Amino acid sequence: MIAVHFGAGNIGRGFIGLMLSRAGYEVVFVDVNETLVEQLAKRKRYEVEFANGTGEAVAVTNVDAIDGKRIDLVASRIAEADLVTTAVGPNALKFIAEPVARGIERRLDAATSAAYGASVGGASRAPLHVIACENMIGGSARLKEHVFAHLAPESRAAADRIAAFPNAAVDRIVPLQKHDDPLRVTVEPFAEWVVDRSAMLLGGPPPIDGVHYVDDLTPYIERKLFTVNTGHCVAAYHGFLRGRETIQSALRDEAVRSEVVGAIEETGAMLVRTYGFPEAEHRRYLETTVERFANPHLTDEVVRVGRSPIRKLSRDDRLVRPATLAQELGIPVPHLARAMGAALRFDVPDDPESAELQRELRDRNVRDVLAKYTGLPEGNPILEQAAAAYEALGGAAADTEGATRP
């Protein structure tokens with residue numbers, strides 16, 4: 001079996017590539033990083049270390065790599081693949097759509113829409129599944145939109161019969177890191193990959209060991225986004241204001257930990273009410289999440305986790321959306337609102353979105369800025385709480401009593 005995976009970065013190698021290799025796939029990485037591509041193509045293996053204090057590492061074998069700029073070659077590998085996955089970031093999905101579309105076209109050229117299992121390159125091909133493993137809701141559906149924009153209108157119905165784009169939720173902390181070996185990657189022991197089974201085609205590749213298949217993905221993806229992603233950025237923004245450099249040191253600060261726990265308890269109340277997660281089970285999920293953040297064997301920088309605050313403050317992302325959903329249920333969200341205010345205080349000049357926010361805050365009223373970036377109307381109680389928090393947190397960056405940088 002062959003899997004073409006876009007993104008040979010730490011998440012691609014340390015999470016998706018590892019699981020696919022363990023499931024028996026030949027994993028063909030596609031990336032534009034020349035060093036990674038050259039080393040993967042040459043060595044055909046790399047090591048993944050687990051951040052659990054034991055130094056345990058596993059070898060990932062049967063891998064290859066292609067320069068993402070070689071669109072024709074990438075399309076050729078997709079034409080013969082059983083699976084395509086991505087870990088490139090939501091904003092990069094549109095850039096990988098063309099080779100995916102070209103690969104699907106080659107499959108169509110080799111098989112009629114009525115007999116899509118016909119020969120491709122001399123081999124019988126099953127339906128192709130394309131799974132975007134990104135930190136976003138509906139990543140595969142978004143990728144499909146970009147891919148189908150590259151297909152001729154008359155080809156799209158046939159493409160739907162031979163290629164499926166099931167959405168997925170993925171969860172594993174893979175911090176920025178540097179090793180002497182450019183291919184070695186360190187990851188936390190915890191991993192979760194959930195795939196929407198209802199969007200898959202019959203006759204596709206067999207289930208992947210370790211992947212949880214469900215008929216309704218929404219509860220799982222929102223649980224992950226509104227617990228892990230929400231809690232992570234809350235730790236980053238409050239940790240930044242407390243003078244912390246890493247998420248791990250931020251979680252040792254009781255003031256920061258309290259904000260994180262409070263925020264995910266607010267999202268948790270909403271998730272339990274909305275999706276019926278058992279309260280005791282969800283409580284364990286929250287506790288596990290906080291301990292994952294605090295893992296002393298990981299070093300995750302606050303500025304990395306907090307980067308792109310405009311995206312994280314947007315209406316459908318990890319702070320505003322769970323807050324508005326909770327508001328509709330009558331659940332108070334003071335911690336989420338404070339995190340929005342803290343996000344406005346995330347002043348990192350080399351982060352373009354942070355720099356833009358700071359320019360806006362110098363020129364405009366904080367309520368106008370919040371309304372612009374969150375989509376919340378002025379006068380909304382959440383916006384008002386966030387604005388008040390921003391003003392109250394004005395001296396927090398200087399008030400780091402008891403906070404020491406690691």
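The values are calculated or read from the model by the stated rules, or taken from the named source; none is laboratory data. Since we're looking at a predicted model, the values are computed, not measured. Cβ coordinates were reconstructed from backbone atoms using ideal geometry, including for glycine residues, and neighbour counts include every protein chain displayed. Heads up: the accessible areas ignore ligands, DNA and RNA and are worked out on the full protein's heavy atoms, side chains in. Shrake-Rupley method; radii C 1.70, N 1.55, O 1.52, S 1.80 Å.
Data table
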{"quantity": "Percent of C-alpha pairs per 10 Å bin, the chain, short to long", "calculated": "5, 22, 29, 25, 15, 4, 1"}
{"quantity": "With every protein chain in place, the range 174-313: carbon and sulfur % of accessible area (1.4 Å)", "calculated": "50 percent"}
{"quantity": "P(r) tail fraction, the range 164-242 - alpha-carbon pairs more than 14 Å apart, %", "calculated": "72 percent"}
{"quantity": "Per DSSP, loop trypsin sites (Lys or Arg not before Pro) in the range 335-387 with at most 14 further Cβ within 10 Å", "calculated": "364"}
{"quantity": "More than 16 angstrom apart: percent of Cα pairs within the range 66-115", "calculated": "41 percent"}
{"quantity": "Calculated log₁₀ intensity ratio I(q)/I(0) where the Debye formula runs over C-alpha points of the range 170-324, q = 0.12, 0.14, 0.21 Å⁻¹", "calculated": "-0.57, -0.76, -1.39"}
{"quantity": "Net charge dipole size for the chain [Lys, Arg +1 and Asp, Glu -1 on Cβ; Debye, nearest 20]", "calculated": "520 debye"}
{"quantity": "Greater than 27 Å apart at Cα, pairs in 94/224; 42/94; 144/312; 94/312", "calculated": "42/94"}
{"quantity": "Residue 42/residue 22 FRET efficiency (R0 25 Å; Cβ-Cβ; nearest 0.05)", "calculated": "0.70"}
{"quantity": "Accessible area in square angstrom per residue, the range 173-307, 1.4 angstrom probe", "calculated": "41 Å²"}
{"quantity": "Where only alpha carbons of the range 125-260 are counted, the Rg and the Dmax (Å)", "calculated": "19.1, 59"}
{"quantity": "Residue with peak Gaussian network fluctuation, the chain [Cα springs, cutoff 10 Å], from 179, 150, 129", "calculated": "179"}
{"quantity": "Per-residue [θ]222 nm for the chain (sum of -39500 (n - 2.57) over DSSP H runs n ≥ 4, rounded to 500)", "calculated": "-13500 deg cm²/dmol"}
{"quantity": "Mean Kyte hydropathy of 0.5 or more with a Cα span along the axis of at least 15 Å, helices from DSSP in the chain", "calculated": "230-241, 334-344"}
{"quantity": "Label-point gap, in nm, between residue 297 and residue 209 - each point 7 angstrom along Cα→Cβ", "calculated": "2.1 nm"}
{"quantity": "Kirkwood-based Rg to Rh ratio, the range 326-385, C-alpha trace", "calculated": "1.01"}
{"quantity": "Burial ranking of peptide ranges 180-186, 55-61, 98-104 (average Cβ count within 10 Å, highest at the top)", "calculated": "98-104, 180-186, 55-61"}
